[in-house]
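Below is one structure, written out as structure tokens; comments come after it.
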């Protein structure tokens, strides 16, 4: 699709991972930087362990949705969901993927098989321009709270330098708009995610 | 303070629904009512949070009709009012809505209808723009959150000006999009008004309604005039290709225009006021373009209006949209479809992507949360009612119960339909009907359906899943919540509605809930079950209730463990019904009060320990209980060579050991087994043979079996399954041994034995009959023929003699001889009085045969009492019922013949101390007596068929029994193994099969290329097995065992027909359900395949509980059939 200077971010994950909060925080960060932004969420059935998708469009589009092959950024909170989001990706896409699997109950019950994580990442790598893979769940645990995956992912996104925003704005939003007791954890989680991607960037 | 209450103008990132709230606040809103429904819910939820601070009167109404009626009155009283609902909610509110247009309002009333194209969270994707036309109401359709904010303010102005309600229609992508919204200042608000009655307006009797209709039409004209000038409708572009759009679709149009620089090619009309249509604006649009594309979601309303405008203005231009195939009537639009249509019509290259092709990926449907009480309610109802009923569902979180593994929910239409549709199914069908409805949905519109079902006397059950909140839409309180307002009691409503059978359960206590449900479902007529347990999320977040910090883990010493050890597992597939049936049995065994731990399961249930063959008795019984007859049969066949025979003649020590016998009566295990085998068709038997034969891994080694009785057949069967080539050498004309010539036909029809022999031969065992050991072949010859080992089971076919005077008289014979003649021919009738001496099965068989041969009377003389008789008790009873007289404590000391009649001179015995086998020893008394007889049959035991010297190097005991190693059947001769009566002395068929099984194992150990890889028969360790603590079920309901139908004894004695005819399927299943499932089972997946708590996961073949997901509800502890789930007390530290 023809370039128009906008940044289209496709977020996906599993209910309970905080990807909706992440998309809202990206929206708040854009407002703080006077960047036009549209955030779209699906509520309702997508909670309770189902698939959660959201979009953040920065830089002018009015549309709440992203077309096929038109995501500039894929922020996937779970590897299987990253794979499911590939129709939105293209050579221009920078993908940031949490490698920590959340096995769907259909797999637990034996109705389907969960694909091998490495092979899923390979498939994603082959369909996007650049893949950053990290175990955000483990980093969140290192930061002191497994629930801080979204802070790690936003740190990683900031680290990948793909946002039309100052990474520090995102960090401010992630740390300042949450209840005081989560601030330190979020700060650490954000930094761990950011450092991990910056390390991958430095490694080429 | 909530940013929405900011008094000053500012810019905020707002959800479309939040922008609507802010717009309403700025418009001076005084009253708000709603019923929650996605995608409208955040409007109500936001007001719920801020209404006190904002000074707005607020209510969650019981349903949308009520919400609108309340709102209509508030607005009539002069208070600016908003009412919000999802698109299908407007259907519920449609009745008041249609008439509200007539009677109108005094202050502004805005109805927000949030539509859901694409059915993200709805049961349909109806297009509510039709309601504006139907109700003759003005409609606004915003595109972005900013538009929504502005449209609300304009809607209030218009509503108040025209004194009629106005609809604001959003869609999911407007309500749930966040973007920057620039606020104005907050206005004054008025929450109190005074209604000024006007009977020529607000009481729409026909005469008044007729007066009001023209007012409505005039209002629509006034609205159109205003819309023709509305700044909310927007035109841009300088081209001549027209694009008409509204709602969120306008975003996609605008983005495409910018992206592909179409500004000089198109002229876009973006309508925000879509009804009444601003015809002037449309006419101007048509005048300026020479073709037009209409971009709208769902129905082609604007498209057809544009055609009408062409017709009206006389300028006919091509109109593209749905009819031209550029857009679908289905689902929501997105940037791709809009770009594609524009590129197609304007002829530019959009560089469209096709999207990566994906392999099939595992689905990730939403699922009931860990700790959700709905799951427990569904499980309890399924435990009691199984798959028999028609299960109706309704709209709420619990709708998710239709997904596997719960699978409950066959039908629903809309909110509240479960309570009424149940009546329709009950009236027209035979299946029991059970409807599930949430508490909020019950208040919404289930109550009326319930009244209807009671009034019309429908036989249905309504299960109210009372989790105290409106879970699916985000935990809004309802009239039963006790969070705001008066609390309404569902049970009292049901009682007042006239429901006679009402019960309430705590779904987290299965013991109690299943009992209550069973009792309730036994009633007829309308029934209500109230399942009370708060949604754990709601309890934590809104009721402030904290569960104890506990989670649960799986004890892998109990989960997926079989008492036989890893190698002894049956290897059968896990089965959903089997898990449920074992779970049911375990819950039945829980303590009545639901407190304390369930009794510990045994690794080896006593039935299995007692079985000489180590059959997995519990396994096949539970499969029968679950209706899986074929799996039960496969399990039986795994360890049993003669199933059709044994299920008729077994002495069933399993039943004597049954735990159920501690409570009422032991399970009728052997009769259930007989049902399973009798149900086998010829085709099924052939299928089994082909399947089993295919599994055999041939090892090329040959083994000879000498003697084709049960021991030989058992050994041959097991060796064959172990891969050996087996030949049976049988002296008689047919294999079967005692089963062929010892047991009479009324107990074992020959067809049953024939089926077993056919299977053994079908598996590839060769049977050579008429080949007598010693006479026709020798051990050396077997060796020379290439047999690597031989198994000797030549039995004890010669009857023991009493050793008394007169024993050799004619008409005195031993039972072996007698039965052989009866069974193989040679003795067809018998008259006079027959006296049988002995107390074993042979004695009973001989006595009953004598009756069938025509004896006038039959008497059994036994030296102990019936309590010590080794014969099967049921057989003794049956013989007595047929007329056999039992004379206890009697033994003959001599037999005399006088005038062609025999006289037995007998001594009366008395019982002394118990002897070695635990039975009290008979001691002679002083007393003697005589018994006259025409025939005497001596049935006191047997002696070996072979002379000891026939088997070189094999040691015998003083009774001539061969000595073998207990665990392998090996003799001192390394070529020879032995079993059967020749080793054990006269024993049961099962014991004979056991000795064959032991020797097959011993032979395999000796001949296998890798003896160490031959699995030990773990079940042989009877001593250790017997030491296990006996299972102690509590509070089991007394339920006596079922009897199988049998011939009338008076009839039975005149025929050789099988006396007992076996269980019916219903009886077999009912009897199997009496099993308490006291043992563990490795073939269990119940927590996953029936309960389905998402905190469970599988790793490396084991089941685990994720401590982060576990809610600590503990219901799984009761669900697990193995009792393998145990609490871990403390999350923070000391894990148990």
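The values are calculated or read from the model by the stated rules, or taken from the named source; none is laboratory data. All values derive from a computational prediction rather than experimental measurement. Methodologically, a virtual Cβ is constructed for each residue, glycine included, from the backbone with ideal geometry; neighbour enumeration extends over all protein chains shown.
So which residues in region B:861-876 are under 54 Å from the mean Cα position of the chain (by Cα) and in a loop (DSSP other than H, G, I, E, B), if there are any at all? If the condition is that a residue be under 54 Å from the mean Cα position of the chain (by Cα) and in a loop (DSSP other than H, G, I, E, B), then B:862, B:864, B:865, B:869, B:870, B:871, B:872 are the ones that fit. Within region B:323-369, track down each residue that is farther than 30 Å from residue A:4 by Cα and more than 9 Å from chain A (Cβ to nearest Cβ). If the condition is that a residue be farther than 30 Å from residue A:4 by Cα and more than 9 Å from chain A (Cβ to nearest Cβ), then B:323 is the only one that fits. Somewhere in region B:302-315, is a residue at negative phi, under 42 Å from the mean Cα position of the chain (by Cα) and either within 14 Å of another protein chain (Cβ to nearest Cβ) or surrounded by 22 or more Cβ atoms within 10 Å (Cβ to Cβ) (or both)? So far as region B:302-315 goes, no, none of its residues is at negative phi, under 42 Å from the mean Cα position of the chain (by Cα) and either within 14 Å of another protein chain (Cβ to nearest Cβ) or surrounded by 22 or more Cβ atoms within 10 Å (Cβ to Cβ) (or both). Scanning region B:984-1011 for residues that are in contact with a helix residue (DSSP H, G or I) (Cβ under 9 Å, 6 or more places away or on another chain) and without any contact (Cβ under 8 Å) to a residue 60 or more places away in the chain returns B:984, B:987, B:998, B:1005, B:1011. Screening residue B:847 on (1) out of contact with any strand residue (DSSP E or B) (no Cβ under 8 Å at 6 or more places or on another chain); (2) buried (at least 19 other Cβ atoms within 10 Å of the Cβ); (3) within 17 Å of residue B:1059 (Cβ to Cβ) shows it passes everything except condition (1). Residue A:95 falls short of the stated requirement of being touching a residue at least 60 places away in the same chain (Cβ under 8 Å) and more than 10 Å from chain B (Cβ to nearest Cβ). For region B:1103-1136, a tally of residues being modelled with pLDDT of 85 or more and touching a strand residue (DSSP E or B) at 6+ places or on another chain (Cβ under 7 Å) returns 15.
Somewhere in region B:1079-1098, is a residue under 30 Å from residue B:880 (Cα atoms) and in contact with a strand residue (DSSP E or B) (Cβ under 6 Å, 6 or more places away or on another chain)? Please lay out each step first, then the result.
Pass one, region B:1079-1098, residues under 30 Å from residue B:880 (Cα atoms): none.
For region B:1079-1098, residues under 30 Å from residue B:880 (Cα atoms) and in contact with a strand residue (DSSP E or B) (Cβ under 6 Å, 6 or more places away or on another chain): absent.
Considering region B:907-939, and only residues there that are within 21 Å of residue B:813 (Cα to Cα) and in contact with a helix residue (DSSP H, G or I) (Cβ under 8 Å, 6 or more places away or on another chain), the residue that is surrounded by the fewest Cβ atoms within 10 Å (Cβ to Cβ) turns out to be B:935.
Checking each residue in region B:224-252 for being assigned to a helix (DSSP H, G or I) and touching a helix residue (DSSP H, G or I) at 6+ places or on another chain (Cβ under 6 Å) picks out B:228, B:252. Scanning region B:436-478 for residues that are at pLDDT 95 or above and within 15 Å of residue B:66 (Cβ to Cβ) returns B:440, B:441, B:442, B:443, B:444, B:445, B:446, B:447, B:448.
Can you pull out the helices (runs of 4 or more DSSP H) entirely within region A:111-204 that have at least 1 residues that are in contact (Cβ under 8 Å) with a residue 24 or more places away in the chain and within 13 Å of another protein chain (Cβ to nearest Cβ)? Talk me through it step by step, then tell me what you get.
Working: elements: A:117-127, A:136-143, A:149-159, A:167-176, A:180-202.
The helices (runs of 4 or more DSSP H) meeting that bar are A:117-127, A:136-143, A:149-159, A:167-176.
Going through region B:545-564 one residue at a time, which ones are farther than 21 Å from residue B:1027 by Cβ, assigned to a loop (DSSP other than H, G, I, E, B) and at pLDDT 90 or above?
Here is the first cut: in region B:545-564, the residues farther than 21 Å from residue B:1027 by Cβ are B:545-554, B:556, B:559-560.
Narrowing the set further to residues that are assigned to a loop (DSSP other than H, G, I, E, B) leaves B:545-550, B:556, B:559-560.
Within region B:545-564, B:556, B:559 qualify.
Among the conditions (1) over 23 Å from the mean Cα position of the chain (by Cα); (2) in a helix (DSSP H, G or I); (3) within 25 Å of residue B:1028 (Cα to Cα), residue B:648 misses just one, which is (3).
Name every residue in region A:26-64 that is in contact (Cβ under 8 Å) with a residue 60 or more places away in the chain, buried (at least 23 other Cβ atoms within 10 Å of the Cβ) and in contact with a helix residue (DSSP H, G or I) (Cβ under 8 Å, 6 or more places away or on another chain), in order of residue number.
To start, the set of residues in region A:26-64 that are in contact (Cβ under 8 Å) with a residue 60 or more places away in the chain comprises A:26, A:28-30, A:32-33, A:35, A:58-59.
Right, trim to buried (at least 23 other Cβ atoms within 10 Å of the Cβ) and you get A:26, A:29-30, A:58.
Once the filter is applied, which keeps residues that are in contact (Cβ under 8 Å) with a residue 60 or more places away in the chain, buried (at least 23 other Cβ atoms within 10 Å of the Cβ) and in contact with a helix residue (DSSP H, G or I) (Cβ under 8 Å, 6 or more places away or on another chain), region A:26-64 yields A:26, A:29, A:58.
Being in contact (Cβ under 8 Å) with a residue 40 or more places away in the chain, surrounded by 22 or more Cβ atoms within 10 Å (Cβ to Cβ) and not in a helix (DSSP H, G or I) narrows it down to one of B:632, B:704, so name that one. Among B:632, B:704, only B:704 is in contact (Cβ under 8 Å) with a residue 40 or more places away in the chain, surrounded by 22 or more Cβ atoms within 10 Å (Cβ to Cβ) and not in a helix (DSSP H, G or I).
Among the residues here, residue B:754 qualifies as assigned to a helix (DSSP H, G or I) and modelled with pLDDT of 95 or more. Return a yes/no flag: does region B:1002-1022 have any residue that is modelled with pLDDT under 90, closer than 20 Å to residue B:660 by Cα and more than 14 Å from every other protein chain (Cβ to nearest Cβ). Checking region B:1002-1022: not a single residue is modelled with pLDDT under 90, closer than 20 Å to residue B:660 by Cα and more than 14 Å from every other protein chain (Cβ to nearest Cβ).
Scanning region B:1086-1108 for residues that are more than 22 Å from residue A:141 (Cβ to Cβ) and buried (at least 21 other Cβ atoms within 10 Å of the Cβ), we see that the one that is farthest from the chain's Cα centre (by Cα) is B:1103.
For region A:67-76, enumerate the residues that are more than 7 Å from every other protein chain (Cβ to nearest Cβ) and assigned to a loop (DSSP other than H, G, I, E, B).
Restricting attention to region A:67-76, the residues satisfying the condition of being more than 7 Å from every other protein chain (Cβ to nearest Cβ) are A:71-76.
Result: A:71, A:72.
Pull out all pairs, ordered by first then second residue, where Cβ-Cβ is under 7 Å, the residues are six or more apart or on different chains, the first lies in region B:671-695 and is more than 14 Å from residue B:756 (Cβ to Cβ), and the second is loosely packed, with under 13 Cβ neighbours inside 10 Å. Here the result reads none, with nothing in region B:671-695 linked to a residue that is loosely packed, with under 13 Cβ neighbours inside 10 Å. Among the residues of region B:488-538, the one identified as without any contact (Cβ under 8 Å) to a residue 12 or more places away in the chain and crowded, with 16+ Cβ neighbours inside 10 Å is B:515. Entry remark, region B:12-58: residues being within 14 Å of chain A (Cβ to nearest Cβ), under 21 Å from residue B:72 (Cβ atoms) and in a loop (DSSP other than H, G, I, E, B) number 3 in total.
When residues of region A:77-89 are filtered for being buried (at least 20 other Cβ atoms within 10 Å of the Cβ) and either more than 10 Å from chain B (Cβ to nearest Cβ) or over 12 Å from residue A:12 (Cα atoms) (or both), how many remain? Looking only at that region, the number is 4.
In this structure, is residue B:672 buried (at least 18 other Cβ atoms within 10 Å of the Cβ), within 30 Å of residue B:599 (Cα to Cα) and in contact with a helix residue (DSSP H, G or I) (Cβ under 9 Å, 6 or more places away or on another chain)? So residue B:672 fits the description; yes.
Selection of helices (runs of 4 or more DSSP H) fully inside region B:1021-1136 by the criterion of at least 1 residues being closer than 30 Å to residue B:747 by Cβ returns B:1022-1026, B:1049-1052, B:1065-1072.
Only one residue in B:918, B:883 is touching a strand residue (DSSP E or B) at 6+ places or on another chain (Cβ under 8 Å) and not in a strand (DSSP E or B), so which one is that? Working first, answer last.
On the way: B:918 fails: touching a strand residue (DSSP E or B) at 6+ places or on another chain (Cβ under 8 Å).
The match here is B:883.
Each residue in region B:394-404 was checked for being part of a loop (DSSP other than H, G, I, E, B) and at pLDDT below 95, and 3 pass.
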